[in-house]
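The values are calculated or read from the model by the stated rules, or taken from the named source; none is laboratory data. Everything quoted here is computed from the prediction, not taken from an experiment. Neighbour counts are summed over all protein chains in view; Cβ atoms, including those assigned to glycine, are modelled from backbone coordinates with ideal geometry.
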Amino acid sequence: MDRLTNGIGIALIILLALLLVWLRARAVSEHKFTSKVTHERYSLPDLIAYVKFQLHELSRNKINQWGMGEETWARKVKARTELRQALRGCTYGDRSDKRFVQSYIRDLLFEGYGVTEESIEHIIPFHQPVRLTHQDRFEIIFYLYRQRYGDDALSVLIEEYELDAPKQTNEEEEGYMYEISGEDIDYCFGREYRQLSFEEKLDIVVQRVYQSYKGFSVVDSILEQRIDGVSGGVSGISESGQLGNEQTDVNGAGFGTVPSTPLDEDGREVSRVWESVWIFYKGKSIRLPFLSFGSEFELRRICQNIYKYNLPGQLSEASGFKVNDMKDGSRVVVVRPPFTETWAFFVRKFDTQGAALEQLIQGHGAEIPIQLLKYLMKGSRITSITGSQGSGKTTLLMALVKHIYASYTLRVQEMSFELNLRKLYSARNILSFRETEYVSGQAGLDLQKKTDGTVHILGEVATDEVASWMIQMAQVASLFTVFTHHAKTFPDLVDSLRNSLLKTGVFRDERVAELQVAGVIDFDIHLRRDIHGNRYIERITECSRQSDGEADIFTGERTYQARTIVEYIDGEYRIVQPITDRCRNEMRREMLPEDALRFEQFLSQYWGEQIGA
């Protein structure tokens, strides 16, 4: 009897233990958070884990058909399909998909997790501003500005508080740099902060959860702004090799603990690579030291996702960089070790709304280059746009297309689709090509001869093959060509294109190759960005070359004469030399009669005495 009693007791204990295990497993699987409201439960890592689990369940699990009508079942299938598509599309930078996913997150946090006006303070201490981090304060201010100014929020904030003013560097470094410090954010916060409603607080929390789950971390909202660009991983030191494990992301994306801030030999703090957030604003590279990706793990996650729109191929050790475009037309470049010392990304944005000559070219005498550039396009001149990175070549090219006659068909060759000409001029005959893993730039340019193109536009002449083909194409394949190049001066441009012809074996004699280049290019527009970030046209140059039967007016080794037509001197645009008679006549022949008449009046107004002389 005792054995029976003991057996029953043991069986009951085992059954009870199994019941407890089953109940716990069920609670975990259904994410029934029944603990009391604590700071730990309402931490960002817990919220992110909950959202990840629930969205995975909603988008992946099969729908139980029992007791469900056909219409209801079809509606649920459609909702699940839309969610799956949005979860995939939001990682490409699709705003509509992002808003769709955020609406799900909002419902999950409010209805599923039970976030209330009281508990939301455990996530971010809105009611205790003194406890807010610099990131918290920035995101609150940024949210308030976005409510008022939309995509111009960051620009307005920078302008109102002069956050792009140069700052003095430390004693060991020369000059100055551009930086928006934590102290700057504190000052803005003190001036702009107001009490937020629960809905506004929830919006900020939803964004914080989203950017750590599917978004691009702390730069997620910044990428939507109308600025020149965003980059990450381009400063600071990497410690992943020394640590041997992943660090915790401040947003809750990593694991482990964050190591103490490293110090240099003099005991000063050294920034780390995941603390590297930079924006490019009006030609200035501005560091945002108050923002951090939190860990190399998080920085790597961003780099592995940000370039994947339209599936450009896998970033790997064998293929250490990728150049692609995002859904909004931004150009993205991603690099990784061992090709580079750290993971890094560069997003370059192009303001299509600001692509107008009157907005791009400003200052005393700006009407001279503005009108001249319009007539160069109407006169079908083969034109190069040169300058350093960030000087505004692509944006100026976008603006020039407006002044090409609308009846002309345009064929565009780019490394990535960044000009967005069909978005700007949707009613015009425009087709863009780009180099892929399987189709070379040379093959793309060769194909364009068979696509009825009147004007050819090259986003950038960056390789010897493309430079060589561009010269040949400009001679026979199109009415005229417009392209960009990184040359510093007009002679440098000619030398670079000449050398490309020699390298590709098209010519063997330097002088003959130079004659070919000089015989193709009509004008060069050289852009400059000074140390303060100001952009302007430094000079507009005409290439004057010798024609058959003309006396040899050139001396020295050059086979052409670079004639400066307009130059930027002491803060104003000034006329220098007049356009040659031959070029004037050629331009008039390509223009409509009314444009030809206005062109002559323009030349007479500014170069009248020189032309008559």
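What is the number of the single condition among (1) surrounded by 13 or more Cβ atoms within 10 Å (Cβ to Cβ); (2) modelled with pLDDT under 95 that residue 138 does not meet?
Every listed condition holds for residue 138 apart from (2).
Can you say whether residue 324 is at pLDDT below 90 and on the phi > 0 side of the Ramachandran plot, as far as the supplied structure shows?
Taking the combined requirement at face value, the residue does not satisfy it.
Out of everything in the range 176-207 that is surrounded by 16 or more Cβ atoms within 10 Å (Cβ to Cβ) and aliphatic (A, V, I, L, M), what residue ends up being nearest to residue 98 (Cα to Cα)?
Checking each candidate, the answer is 206.
Report whether or not residue 87 is surrounded by 19 or more Cβ atoms within 10 Å (Cβ to Cβ) and either in contact (Cβ under 8 Å) with a residue 24 or more places away in the chain or of a type in the set (D, E, K, R) (or both).
yes
Find the residue count for the range 129-146, including only residues that are among the hydroxyl-bearing types (Ser, Thr, Tyr) and either over 12 Å from residue 201 (Cα atoms) or free of Cβ contacts under 8 Å to residues at least 40 places away in the same chain (or both).
Adding up the residues that qualify gives 2.
Please find, within the range 430-441, the residue that is farthest from the chain's Cα centre (by Cα) out of those that are surrounded by 16 or more Cβ atoms within 10 Å (Cβ to Cβ) and not β-branched (Val, Ile, Thr).
Only one residue fits best here, namely 441.
Is there a residue in the range 352-363 that is more than 30 Å from residue 273 (Cβ to Cβ), small (Gly, Ala, Ser), at pLDDT 90 or above and in contact with a Lys or Arg (Cβ under 9 Å, 6 or more places away or on another chain)?
The answer is no, given that none of the residues of the range 352-363 is more than 30 Å from residue 273 (Cβ to Cβ), small (Gly, Ala, Ser), at pLDDT 90 or above and in contact with a Lys or Arg (Cβ under 9 Å, 6 or more places away or on another chain).
Looking only at the range 220-239, filter to residues that are in a strand (DSSP E or B) and either under 15 Å from the mean Cα position of the chain (by Cα) or not β-branched (Val, Ile, Thr) (or both); which one of those is farthest from residue 304 (Cα to Cα)?
Step by step, filter the range 220-239, then rank; the result is 229.
Kindly check whether there is at least one residue in the range 366-378 that is over 16 Å from residue 396 (Cα atoms) and in a loop (DSSP other than H, G, I, E, B).
no
Looking only at the range 275-320, how many residues end up being part of a strand (DSSP E or B) and either within 16 Å of residue 434 (Cβ to Cβ) or of a type in the set (Val, Ile, Thr) (or both)?
Residues flagged as part of a strand (DSSP E or B) and either within 16 Å of residue 434 (Cβ to Cβ) or of a type in the set (Val, Ile, Thr) (or both) within the range 275-320 amount to 3.
Pick from the range 390-407 the residues that are under 16 Å from residue 483 (Cβ atoms) and of a type outside the set (A, V, I, L, M, F, W, C): which of them is surrounded by the fewest Cβ atoms within 10 Å (Cβ to Cβ)?
Applying the filter and picking the extreme gives 394.
In the range 394-416, what count of residues is obtained for those that are under 24 Å from the mean Cα position of the chain (by Cα) and among the hydroxyl-bearing types (Ser, Thr, Tyr)?
Adding up the residues that qualify gives 3.
Give the residues of the range 349-365 that are in a helix (DSSP H, G or I) and surrounded by fewer than 17 Cβ atoms within 10 Å (Cβ to Cβ), sorted by residue number.
Hits for the range 349-365 are 358, 359.
Residue-by-condition table, conditions (1) within 28 Å of the chain's Cα centre (by Cα); (2) in a loop (DSSP other than H, G, I, E, B):
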residue	(1), (2)
73	no, no
82	yes, no
86	yes, no
121	no, no
138	yes, no
142	yes, no
150	yes, no
162	yes, yes
184	yes, no
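In this structure, does residue 513 turn out to be in contact (Cβ under 8 Å) with a residue 24 or more places away in the chain, of a type in the set (Gly, Ala, Ser), surrounded by 15 or more Cβ atoms within 10 Å (Cβ to Cβ) and not in a loop (DSSP other than H, G, I, E, B)?
No, not satisfied.
Tell me, which residue of the range 442-466 that is closer than 19 Å to residue 493 by Cβ and over 26 Å from the mean Cα position of the chain (by Cα) is modelled with the lowest pLDDT?
Once the filter is applied, the top-ranked residue is 465.
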